[in-house]
1. Just to verify a result, which residue in the range B:512-532, among those that are of a type outside the set (A, V, I, L, M), closer than 21 Å to B:GLU482 by Cβ and over 37 Å from the mean Cα position of the chain (by Cα), is nearest to the other protein chains (Cβ to nearest Cβ)?
2. Does B:SER99 qualify as being surrounded by 14 or more Cβ atoms within 10 Å (Cβ to Cβ) and touching a residue at least 24 places away in the same chain (Cβ under 8 Å)?
3. Of all residues in the range A:18-53 being among the β-branched types (Val, Ile, Thr) and outside any loop (DSSP other than H, G, I, E, B), which is nearest to A:VAL136 (Cα to Cα)?
4. So A:ALA18 clears everything in (1) within 14 Å of chain B (Cβ to nearest Cβ); (2) in contact (Cβ under 8 Å) with a residue 60 or more places away in the chain except one condition, right? Which one?
5. Quick one: which residue in A:ALA127, A:ALA160 is closer than 24 Å to A:PRO304 by Cα and of a type in the set (A, V, I, L, M)?
6. Does the range B:78-91 hold any residues that are free of Cβ contacts under 8 Å to residues at least 60 places away in the same chain and closer than 19 Å to B:GLY9 by Cβ, and which are they?
7. Name the residue, out of B:GLU538, B:GLU502, that is of a type in the set (Asp, Glu) and either more than 39 Å from the chain's Cα centre (by Cα) or farther than 19 Å from B:ILE623 by Cβ (or both).
8. Scanning the range B:421-435 for residues that are free of Cβ contacts under 8 Å to residues at least 24 places away in the same chain and within 13 Å of chain A (Cβ to nearest Cβ), which turns out surrounded by the fewest Cβ atoms within 10 Å (Cβ to Cβ)?
Amino acid sequence: MMDWLFIDDSREDRDSFAGALSADGIVTVTAISATEARTRLAESKLEAAGLLMDIDLSNESQSKESGLGLTADIRAAQHRETTPAFPIVRFSYRDKVAANIGSDSSSDDSFDLKIDKDRLSNEGVVASVQQKLLGVAEVYAGVGKSSTAEVFGLDEEHWAAWGSRTFSEELRLSDRTYVKARLVVLGLVTSGFLISEDVLAARLGVDRGSSKGWAELTKALSSIGYTGLSSKHFQRWWARGLEEWWAESTPDNPLAGTNIADRHAALSKRFEGLVPLKMREDSPGQRPWRGCELTYEETGEFLPLDPSRAVRFRARMTVPDWADPTYAALGPAIKHAEDPRLDAGDLKRLQSSLRKAQ
Amino acid sequence: MDRGELVSGFLRLASDLKVAEPLSQRFGRQRAGRKGIGRFSTQRLGSRLVLRTWQDSNKNGLQLTINWSDFERGRALDKIPVWLEEIDPRHPGTRIEISDLRDEWTESQIRRCWRGVFNLQQPFPVAPVEDRPGEDPGFEVNFYRKGHVFSDPELIANFETEILSHMHAIVELHVDGDGAADWRLTHNKLGEDVGWTRIHHDEPEEGAPSPYAHLRNVWMKAYYAVLEPTEFSPMVYTRVRELLRTEGGIRLYRNGFRVIPYGEPGDDWLQLDELYARRTILFPIANRNWFGVIELNDPEGNLFEEHTSREGLIETPAFQELRDVASSVLITAARKIAEQRTRKTRAGGRTEPTEFFLQRLRDAARRAREGQEEPEGTDETGTGPKSEAAKLLGEAETIIESVRAEFADDAAMLRLLATLGLTAAEFSHETGMTFQAVRLDFQQVFAVALEGRAGDNEFANLVDRARGMVDRLDALTSYLNELASARSARELAPVSASRSVEEFARGMSQLAARGETELLIQTPPLDGLYTKPMHRAEVASILLNFYSNSMKAMKRTKGARRIYVEAERDDGDIVIRFSDTGDGIRDEDRERIFDLFYTTRAASPSRASTLEESIGTGLGLWIVRQIVSRADGEAAVVDPIEGYSTTLEVRLAASEEE
């Protein structure tokens, strides 16, 4: 298997990051300079399992490269098929992203994943990043000419029920491997038709960290687990599948309409050792369904929220129609009221109802 | 002098006394001159010379009287009468009186003359007499104007009139035979005195500093002056400034002898000029602000040793301690005076000097306009609008001068704070950038090392400790980075106090844990507690300053260390209360802790690094008050909440936009 390449402008830093990601042999990352990458690209010799790209390359004395410019040129070469398709992951500090990109989303489509360098040394983050790198490389290797349903490990009937028609259309129109792969990766990492374990637990109203019965429950949910391309690296569940699974045992109460107590009561009849989720005071409501984007962005923490008591949060990128809308929990939203991405109408309405309740 | 000495030393030309006995009997002074004709020079000043000398308090003295007018051209010397007679007993010593002066002497000429003999005199004795019996008391030069029939001679110039009486305070230091150092501040014309206080420059916090390891038997007495025109009468200011410009500094005497070059013009052995020039200390602290003496009593030469060139002392441990403790005392005292002066200025109601002097200027302008309308020649009495306007304009000019001086200090302080802020921001940014890389490398090093030392619990603990330290540094730099990036936005906006407290806790709790301190917060989950427009970094700065003070206060106690920060809405205000379990704030200090330069900490010595200098400068809580005042709020020490010993409260006006 080929190495991942990490393009960064600081020799010592890139060696540290590459060394950390390669330490246990799960992936192999080799650090190279922007100049070296440019030379290889010009000679059509830029080949890799994938690229980790720093945005700001200004510390490299002999080069005037920028991460964005180099990425655009690589994508163009991949489009011309003079360079093989491989994933490109934006791998930069948050403040470098803020300084070089800010709220401009025009470069977002060039990258398959965006990973902040800032939290890499936090516990478990290297392992998680390694899985993502392996996963995205596997998507590139396998996306080929399969149908959407095949890519996602479903038969056509289930894809029609659980997947997204617009997503299929977009995938059908993608005429290059890297365009297809990037779309599939987006489907895997964005909460929409597929959901992560955190969102799954929130929707079931379970505090998974405290629940001994959580493993048993997820085992029972294997029928709605994602088994498609790269499922080993992206542990996901079908969102619609979850609702169907719930409806099988509780047909009169759709999952989204129940509160934590209802969900816990229903699940406890079938599973032991489940602790009901306790909503934090700054995230009111009893029907948790999503996570707070603002909290995740600031601390990396997943804060479950009830969308009926939360504030819509406009993501930097245009959200595809198959993706879930993004929200911020009310408490963090109130304390970040100056953030223009928050829906001012929602905030005002919820604050007003808070005042009335007091 | 006895009769023989007087006759052979004073009444003979080319006396051989100085050759036979080059040192004086009593104090071993080097006898000056060789030709024995020095006395004739007094005739240039006055026509009469009277020398009186006493050897014993119980015996008669001798008086020699010479009338120079008797020395006529062509007359033999042995024919000229010189009167030598016995006079009543007095305490031992010699006085020379030159009278019937040939010229008129103005006071300024007399003063110049006094300055001419300035260097003959040791400024003042410092060590108590009982500590050095038999020591040479030195010379004292007093200039008098002859009294009239019914009045005593009038003192024109001596040390007291020329320098000492104009200085603003006296600072003393005493290091005893066991190395214990104490200092005090007395005769403070700009504020309150400070009694004897124990000090060690390496142990600046309040408490019981240890004695010095090497330094023994030192006395320092230093007069301090704030060289600003407002602190002197105009005539005196120029004189004192000029004198201190050339003579200011701290002189060093060892066993009664002056040690050169310490305290000479241009010598900065205590690094006071250097420190002030760096502008890291903003109150006057340069050599020209001091006139002082340090005396060392080290007859055996055990602690101090002179260079073979006799120029200065070798850098022994005792000498290094001397420099540190002396500079620390001088800085501590000057800072105390600066703090008291600042308070006095405020108490005088001149918190807004611009408004005061603008009003005066407006008055002057109005009067000038009235003067324009006044017919020519109608202001002969000097009381009309024209004269009044001229007077007001003159006053306004003076006010502008003093305000300009005040603003120059403010500007210097702002420059210093801005530099420190930028340096801190740059530092945290640069370190923050590399921290991830450092942490990742450490993780690998630790992993490999732990594998190689499997089962070694001590090593595993070491790794845990190192990991923890890296984590704490990372958390702190991340917080500082976030603040630094917030600073780049200059617009003022409502600030969420609850968010600021939460971010503070996220950034500082690991660091607090390292100091075995539990950091607890309480914020409302669904209330942003928005203040009136200010800067987010300002609220963080308030919290960081409180934190820094709390950590110091808790280090002085032995109990459990806890910090509790709560933010809430109270009576329409946004209130942040910061409590700790430190040693508390004395009642008498409650009103003063937010004053400029107020600190309970002794100053770092002058050779300290800039970082050390910036700790305990008395600026932190003053900055808090500046921030809070600008936001129409209040900062105060309030009664501590239950379970804590100190509570500082910041009350800010709530945003109306909420």
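1. Out of the qualifying residues, it is B:GLY528.
2. Values: surrounded by 14 or more Cβ atoms within 10 Å (Cβ to Cβ): no; touching a residue at least 24 places away in the same chain (Cβ under 8 Å): yes.
For B:SER99, the condition - surrounded by 14 or more Cβ atoms within 10 Å (Cβ to Cβ) and touching a residue at least 24 places away in the same chain (Cβ under 8 Å) - is not met.
3. Taking the range A:18-53 as the starting set, the residues that turn out to be among the β-branched types (Val, Ile, Thr) are A:26-30, A:32, A:35, A:39.
Add one more test, that the residue is outside any loop (DSSP other than H, G, I, E, B), and what stays is A:29-30, A:32, A:35, A:39.
Details: A:VAL29: 15, A:THR30: 17, A:ILE32: 21, A:THR35: 25, A:THR39: 25 Å.
My answer is A:VAL29.
4. (2)
5. Being closer than 24 Å to A:PRO304 by Cα and of a type in the set (A, V, I, L, M) holds for just one of A:ALA127, A:ALA160, which is A:ALA127.
6. Selection gives B:ASP78, B:ILE80, B:TRP83, B:GLU85, B:GLU86, B:ILE87.
7. B:GLU502
8. Selected residue: B:GLU430.
The values are calculated or read from the model by the stated rules, or taken from the named source; none is laboratory data. No experiment lies behind these values; they were computed from the predicted model shown. We place every Cβ from the backbone using ideal geometry, glycine too, and count neighbours over all the protein chains shown.
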